[in-house]
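The structure under discussion is supplied below as structure tokens; questions concerning it will follow.
The values are calculated or read from the model by the stated rules, or taken from the named source; none is laboratory data. The model shown is predicted, which means the values in this text are computed figures rather than measured ones. Glycine also receives a Cβ, built like all others from the backbone with ideal geometry; neighbour counts cover every protein chain displayed.
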Amino acid sequence: MDSVFKLEPFEDNYEVGEDLGSGHFAVVRKCIHRKTRQAFAAKFIRKRRGGGRKGAKMEDIVKEINVLRCMNHPNVISLHEVYDTKQEVILVLELVSGGELFDYISEKEALSEEEASAFIKQILEGLKHLHDNSIVHLDLKPENIMLLDRTSTKIKLIDFGLARKINDKDDVRAMMGTAEFIAPEVVSFEPLSLATDMWSVGVITYILLSGSSPFLGETLQETYHNITALNFDFDHDLFQNTSDLAKDFIKRLFIKNPRKRGSVNDCLNHPWIKPSEPREAIA
Ligand SMILES: COc1cc(-c2ccc3ncc(-c4cccc([C@@H](O)NCCN(C)C)c4)n3n2)ccc1O
């Protein structure tokens, strides 16, 4: 990945294909490199112009690019090159075609513990790569976890639009992320840390095992209250076949004090993720 933004017309080098989806100020399209015929996912990010509010601030776009440039891991999407045009910045990214983990679990409702543990282990391995580089994702949710292809259960973390470099001297505080996945410190606008992502891992694990979201309320306020009050339980109907080990894994992440919450290394060493002997059939 070269470190400069290309200024030549994007369509001189790429054929633009179907829309894959869209988000805040951005649309993701499938693109084919004209010379090599290799397929990529291109994220077209609209630039904020003048004093307007439409479009992304260039400083935020550069932050996302700098985060992506640090990434080199099989469970993290990779950045190929960047184009800078008058209206947009275009991130050319590796293409994954297996769809969102969100859709995969929606079709299956709840997963077996082996499947859930295998997905969570990959999410943790990708997250360890971020955290070892002092990067916090801040928007971990099933929609931002994609399957490599339709037949594989290999996953990639995507969407680093909210990711931040954490350093000791500067406070990172922000009200961001998707309500049902955010940690108490985000709701309370307190300093964020790598532990903020670990709370989201707990929410994702709970959903993979039960098909239900632990803190989701009828309203945004109710969801925020459930999060700050740690108002969750392991509903018998949803968790009657779930092992105590899996519930212990989740409980070690739903801890209000970020300093006491399990780290990515604690999780990777937890027996639900790293069984000490070959896993016998879990009830
Ligand atoms: C690096 O930042 C992003 C990457 C991507 C990305 C990277 C590779 C890639 N291959 C296929 C796709 C893809 C396929 C279908 C839908 C979408 C996307 O629009 N929805 C994904 C998550 N969404 C909630 C941001 C993306 N992607 N999306 C999407 C959003 C991002 O903010």
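Quick check, is Gly98 in contact (Cβ under 8 Å) with a residue 12 or more places away in the chain, under 27 Å from Ser152 (Cα atoms) and within 11 Å of the ligand (Cβ to nearest atom)?
Details: in contact (Cβ under 8 Å) with a residue 12 or more places away in the chain: yes; under 27 Å from Ser152 (Cα atoms): yes; within 11 Å of the ligand (Cβ to nearest atom): yes.
Considered against the rule, which asks whether it is in contact (Cβ under 8 Å) with a residue 12 or more places away in the chain, under 27 Å from Ser152 (Cα atoms) and within 11 Å of the ligand (Cβ to nearest atom), Gly98 comes out as yes.
Please go through the range 20-35 and pick out each residue that is in a strand (DSSP E or B) and more than 8 Å from the ligand (Cβ to nearest atom).
Arg29, Cys31, Ile32, His33
Test each condition in (1) modelled with pLDDT under 95; (2) surrounded by 11 or more Cβ atoms within 10 Å (Cβ to Cβ) for Asp2 and report the one that comes out false.
That leaves (2) as the condition not met.
Residues of the range 143-158 being within 12 Å of the ligand (Cβ to nearest atom), assigned to a loop (DSSP other than H, G, I, E, B) and touching a helix residue (DSSP H, G or I) at 6+ places or on another chain (Cβ under 8 Å), which ones?
Ile158
Give me a count of the residues in the range 6-19 that are outside any strand (DSSP E or B) and either of a type in the set (Val, Ile, Thr) or loosely packed, with under 14 Cβ neighbours inside 10 Å (or both).
5
Oh, and also: Would you confirm whether or not the range 64-85 contains a residue that is touching a Leu at 6+ places or on another chain (Cβ under 9 Å), surrounded by fewer than 15 Cβ atoms within 10 Å (Cβ to Cβ) and not in a loop (DSSP other than H, G, I, E, B)?
Checked against the condition, which is being touching a Leu at 6+ places or on another chain (Cβ under 9 Å), surrounded by fewer than 15 Cβ atoms within 10 Å (Cβ to Cβ) and not in a loop (DSSP other than H, G, I, E, B), the range 64-85 yields at least one hit.
Counting just the residues of the range 128-142 that are away from the ligand (no atom under 15 Å from the Cβ) and buried (at least 20 other Cβ atoms within 10 Å of the Cβ), which one comes out farthest from Phe181 (Cα to Cα)?
Filtering the range 128-142 for residues that are away from the ligand (no atom under 15 Å from the Cβ) and buried (at least 20 other Cβ atoms within 10 Å of the Cβ), the one farthest from Phe181 (Cα to Cα) comes out as His131.
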